[in-house]
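*Asks:* Got a structure for you, questions after.
The values are calculated or read from the model by the stated rules, or taken from the named source; none is laboratory data. For clarity, every value in this text was computed on a predicted model and none was experimentally measured. Neighbour counts run over all protein chains shown; Cβ positions are idealised from the backbone, glycine included.
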Amino acid sequence: MALMLYNTAAKRKEAFVPLERGNVGLYVCGVTVYDLCHIGHARSAIVFDVLVRYLRAIGNHVTYVRNFTDVDDKIIARAREEGKSPDDLAQFYIDAFYKDMDQLNILRADKEPRATEHIEGMIDMILTLIKGGHAYRAEDDVYFSVESFPGYGSLSGRRLEDMKAGSRIAVGENKRHPMDFALWKAAKEGEPYWDSPWGKGRPGWHMECSVMSSHFLGSTFDIHGGGEDLLFPHHENERAQAIAANGGDFARYWIHNGFVTVDSEKMSKSLGNFLTIRDALTLYHPQVLRLFLLSQHYRSPLDFTRGAVEGHQAGLVRIYRALERMESVIGPWIDNKDQGADGKGGAIALPDEFRAAMDDDLNTARAVAFLFETLKEINRLISPDSADSSGDLSELVRRRKELMRSASVLGLLNDSPAEFFSGIKQGEEGIEREEIERLIADRSAARAGKNWKKADEIRDTLKSMGVVLEDGPKGTTWRIDV
């Protein structure tokens, strides 16, 4: 089966065929470095990390480019608040970004350009757009003319006429059309600036990604990715200006990951549910967070709740307990990195079921389910009644290899059992037992109130944690199903 990816531009799954066989160019919009990253950033970073790992695992050479936006209104405002220069503030949050991503076992991109390193290229592209009739100067600002580009709106599925009807030109703007967007912004007093043919100023946000992606990958490349919040206007504008300036197709496949909510609410500082990666890592082991963020298909919305995350902690504990037992039977796993755990080991042999899941538009939910199906077989093989023959030991070795190679593509199980259990906050008997007992009490209360729907939902949550309930005349008992 070929790798199928959902292409936002085509609005359907398509077989992925790179421009050059065996070589893939991938650009992903990075973060604006004015604050700590939140769990929505973590999801996007992990999704594209897994895409890179899988593309490499099936034999491709991947050039992965992910940028930093290091000049922006928010950076300038935060720097003023903190009494720092925009450069110093940006560097502080770039360092924080790397610290968080390293903890989540996210690979560094091959190229990680900063916007301020490519100002000259942005000025050159703006000059090309003006010369081609796609941009115009309005006093000391420069705007892209959306009406000059016939395909504007096709990526996000919007019609220019509808957008015009719902838009207004703000005070102080000299745009010809409400949807025209800034390519160059005149500097305001006290802001960082660069010299240009239009005076002192800085580029618009959309311009930077068009220039940096084209610089490293060419005017037409394979994949452009990011969160679905970037689809419009950022990606729409990127695409329009890049094609208008350079020709070509820009990106051939567009991939967007879904949002993360917290307790069914959109993350917002005003709601008090804004969760940074750093905050989350004080509560949960990095691999627990990673497993949770891969537990749903990347295009689906994902709701961050304590019960859901702790259910995945319980599952990860079960896997590591099995790895621990396997070490006593067949010795430690020693070829993890040689078999592609870092995503750069070349093509590796992966189980058919795992490949089928990943080829189906990176269906990590199915891929994670495969890990737990393999775990069941491993537990059977290392039970007291098994693993006592050469046939069973050989099968156990094979199953562990399947588990570890598949997990390496997902960026999981990169610790030894000893490392994992020394790093997990409360392990199998702490927060897990407390949470199980609380959920069982909530279920009993729901049953007493004849709220059968809620009782069933709690049972399903416990089942996802590997907890089997047994209702009897003396109440409810439970056990972990391994």
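*Asks:* Could you identify the single residue in I130, I123 that is under 30 Å from I94 (Cα atoms), in the same structural domain as W205 (by TED's automatic domain parsing), modelled with pLDDT of 95 or more and out of contact with any helix residue (DSSP H, G or I) (no Cβ under 7 Å at 6 or more places or on another chain)?
*Replies:* I123
*Asks:* Turning to a different aspect of this structure: Looking at (1) modelled with pLDDT under 95; (2) crowded, with 16+ Cβ neighbours inside 10 Å; (3) on the phi > 0 side of the Ramachandran plot, which is the one condition that is false for D361?
*Replies:* (1)
*Asks:* Tally up the residues in the stretch 26-51 that are over 11 Å from the mean Cα position of the chain (by Cα) and under 26 Å from D352 (Cα atoms), please.
*Replies:* Selection size over the stretch 26-51: 1.
*Asks:* Starting from the stretch 391-415, take each residue that is without any contact (Cβ under 8 Å) to a residue 60 or more places away in the chain and list its partners that are charged (D, E, K, R) and surrounded by fewer than 23 Cβ atoms within 10 Å (Cβ to Cβ), counting only C-beta distances under 8 angstrom and pairs at least six apart or across chains.
*Replies:* Listed pairs, sorted by first residue: R399/E377.
*Asks:* Given the conditions (1) crowded, with 19+ Cβ neighbours inside 10 Å; (2) in contact (Cβ under 8 Å) with a residue 60 or more places away in the chain; (3) in contact with a helix residue (DSSP H, G or I) (Cβ under 8 Å, 6 or more places away or on another chain); (4) not acidic (D, E), which single one is not true for G307?
*Replies:* Only one criterion in (1) crowded, with 19+ Cβ neighbours inside 10 Å; (2) in contact (Cβ under 8 Å) with a residue 60 or more places away in the chain; (3) in contact with a helix residue (DSSP H, G or I) (Cβ under 8 Å, 6 or more places away or on another chain); (4) not acidic (D, E) is unmet by G307, namely (1).
Rundown of residues vs (1) modelled with pLDDT under 95; (2) in contact with a helix residue (DSSP H, G or I) (Cβ under 6 Å, 6 or more places away or on another chain); (3) farther than 30 Å from G190 by Cβ; (4) assigned to a strand (DSSP E or B), yes/no style:
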residue: Y6; (1), (2), (3), (4): no, no, yes, yes
residue: A10; (1), (2), (3), (4): no, no, yes, no
residue: R43; (1), (2), (3), (4): no, yes, yes, no
residue: F48; (1), (2), (3), (4): no, no, yes, no
residue: Y54; (1), (2), (3), (4): no, yes, yes, no
residue: V62; (1), (2), (3), (4): no, yes, yes, yes
residue: I76; (1), (2), (3), (4): no, yes, no, no
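*Asks:* Another question, then. Residues that are touching an Asp or Glu at 6+ places or on another chain (Cβ under 7 Å), surrounded by fewer than 18 Cβ atoms within 10 Å (Cβ to Cβ) and more than 23 Å from L26 (Cα to Cα): does the stretch 280-301 have at least one?
*Replies:* So far as the stretch 280-301 goes, no, none of its residues is touching an Asp or Glu at 6+ places or on another chain (Cβ under 7 Å), surrounded by fewer than 18 Cβ atoms within 10 Å (Cβ to Cβ) and more than 23 Å from L26 (Cα to Cα).
*Asks:* Are there helices (runs of 4 or more DSSP H) fully within the stretch 214-330 with at least 3 residues that are at pLDDT 95 or above and in the same structural domain as A182 (by TED's automatic domain parsing)? List them.
*Replies:* 236-246
*Asks:* Continuing with this model, one more query. What is the one condition in (1) closer than 30 Å to L293 by Cβ; (2) free of Cβ contacts under 8 Å to residues at least 24 places away in the same chain that S156 does not satisfy?
*Replies:* If we test S156 against (1) closer than 30 Å to L293 by Cβ; (2) free of Cβ contacts under 8 Å to residues at least 24 places away in the same chain, just (2) comes out false.
*Asks:* Could you please give the count of residues in the stretch 13-37 that are within 23 Å of N363 (Cα to Cα) and either among the hydroxyl-bearing types (S, T, Y) or outside any loop (DSSP other than H, G, I, E, B) (or both)?
*Replies:* Qualifying residue count for the region: 9.
*Asks:* Filter the stretch 91-102 down to the residues that are under 17 Å from H285 (Cα atoms) and buried (at least 17 other Cβ atoms within 10 Å of the Cβ), then identify the one that is farthest from the chain's Cα centre (by Cα).
*Replies:* Going through the qualifying residues, I end up with D100.
*Asks:* Of all residues in the stretch 222-243, which are under 21 Å from V52 (Cβ atoms) and of a type in the set (G, A, S)?
*Replies:* G225, G226, G227
*Asks:* Within the stretch 231-254, is there a residue that is crowded, with 24+ Cβ neighbours inside 10 Å and in contact with an Asp or Glu (Cβ under 6 Å, 6 or more places away or on another chain)?
*Replies:* Looking through the stretch 231-254, none of the residues is crowded, with 24+ Cβ neighbours inside 10 Å and in contact with an Asp or Glu (Cβ under 6 Å, 6 or more places away or on another chain).
*Asks:* Would you please list the contacts, defined by Cβ atoms under 8 Å and residues six or more apart or on different chains, that run from a residue in the stretch 463-478 that is farther than 12 Å from I436 by Cβ to a residue that is modelled with pLDDT under 75 and assigned to a strand (DSSP E or B)?
*Replies:* Correct list of pairs: E470/R479.
*Asks:* Let me ask something else about it. When you look at P203, is it at pLDDT below 95 and surrounded by 15 or more Cβ atoms within 10 Å (Cβ to Cβ), yes or no?
*Replies:* So P203 does not fit the description; no.
*Asks:* Of V24, V50, V31, which residue is of a type in the set (A, V, I, L, M, F, W, C), in contact with a strand residue (DSSP E or B) (Cβ under 6 Å, 6 or more places away or on another chain) and on the phi < 0 side of the Ramachandran plot?
*Replies:* Testing whether each residue is of a type in the set (A, V, I, L, M, F, W, C), in contact with a strand residue (DSSP E or B) (Cβ under 6 Å, 6 or more places away or on another chain) and on the phi < 0 side of the Ramachandran plot leaves just V24.
*Asks:* Considering only residues of the stretch 103-161 that are of a type in the set (D, E, K, R) and within 29 Å of K11 (Cβ to Cβ), which is nearest to the chain's Cα centre (by Cα)?
*Replies:* R158
*Asks:* Considering each residue of the stretch 102-138, count those that are out of contact with any Pro (no Cβ under 6 Å at 6 or more places or on another chain) and within 26 Å of D180 (Cβ to Cβ), and give that number.
*Replies:* Within the stretch 102-138, residues that are out of contact with any Pro (no Cβ under 6 Å at 6 or more places or on another chain) and within 26 Å of D180 (Cβ to Cβ) number 22.
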